[in-house]
Every structure is written in C-alpha cells, then in structure tokens.
Amino acid sequence: MPDKMDEKKLDFYKKLLLKIKGQIQGDIRSMSDENEGEQGDKGDVSGHALHMADVATDMYDREFNLSLASNDREVISRIDDALARIDKGVYGFCLKSGKRIPDQRLKAIPYAEYCLEVQEEMDRKLGK
C-alpha cells in the first residue's frame, strides 16, 4: 500500500464528510417533518374528502420521499465507513486494489471506496 495520506488532507476530508453527513441528516429530518405534517391533512377544512387524484399524488410524494430518505441513509452509512477508514489510517485507498484513490475523485465523492478503474469494473459486472 502506498504511503498514508498526510494529516492535513485527512482533516480536510473528515470535515467534508461530516459537513455532507449533517446536510443529509437535515434533509431527512425535513422530509420526515413534511410527511408528519401531511399525515394530519386527510381532508380539507370544508369537511369534504380529498379527491382520489389528490390522495394518489400525496401517496406518490410520500413514497418518493421515503425512497430519497433510503438513498440518503445509504450515503450516511458510506460516510460513516469512510470516517472509520480515516480513524484506521486507510482512508483514500481502494478497498479492492489497494491503490491510492486520486484526490480529484475523493473531492467529488469523499466516501468513495474504490478507485475509478475498480468501480467501473464493478458497475460493468452489475450492468449499470
């Protein structure tokens, strides 16, 4: 394995990862608050039930938000894994090849687990 990343870079990436994690957690809280607010709105104030199309739209919006929240939780998990790799001193190295992940890739995707070559190979195998 190549030399470890210097402390200044590690600190930069750790702060970046924590910032992204905080933003995502805020987004999840916001979506959760929106969904809770909509739960109480089963009908309008005139006492008439919502139209079926309105109900379907609300259900779609809730499902869409749940899907986004699920994706966000996956990113948070990957961020937590990256933070653990920083603590172990192995951050910035491909988990499969052991090669250094270029700074350009880490700045774009700071929780990247694989170098670009390995990621592309994995994506091809999965048909992405």
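Bear in mind these aren't lab numbers, they're just calculated from the coordinates by the rules spelled out. The structure displayed is predicted, hence computed values, not measured ones. Glycine also receives a Cβ, built like all others from the backbone with ideal geometry; neighbour counts cover every protein chain displayed.
Some values worked out for this structure:
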item: Kirkwood Rh, angstrom, segment 60-128 [1 / mean 1/r, Cα pairs]; result: 13.3
item: Under 12 Å, Cβ to Cβ, from LEU106 - net charge with Lys/Arg +1 and Asp/Glu -1; result: +4
item: Exceeding the 28 Å Cα-Cα cut-off - candidates LYS15/LYS96; LYS4/LYS96; LYS4/LYS125; LYS14/LYS96; LYS19/LYS88; LYS88/LYS125; result: LYS4/LYS125; LYS88/LYS125
item: Spin-label model distance (nm) - HIS51 vs PHE64, 7 Å beyond Cα toward Cβ; result: 1.8
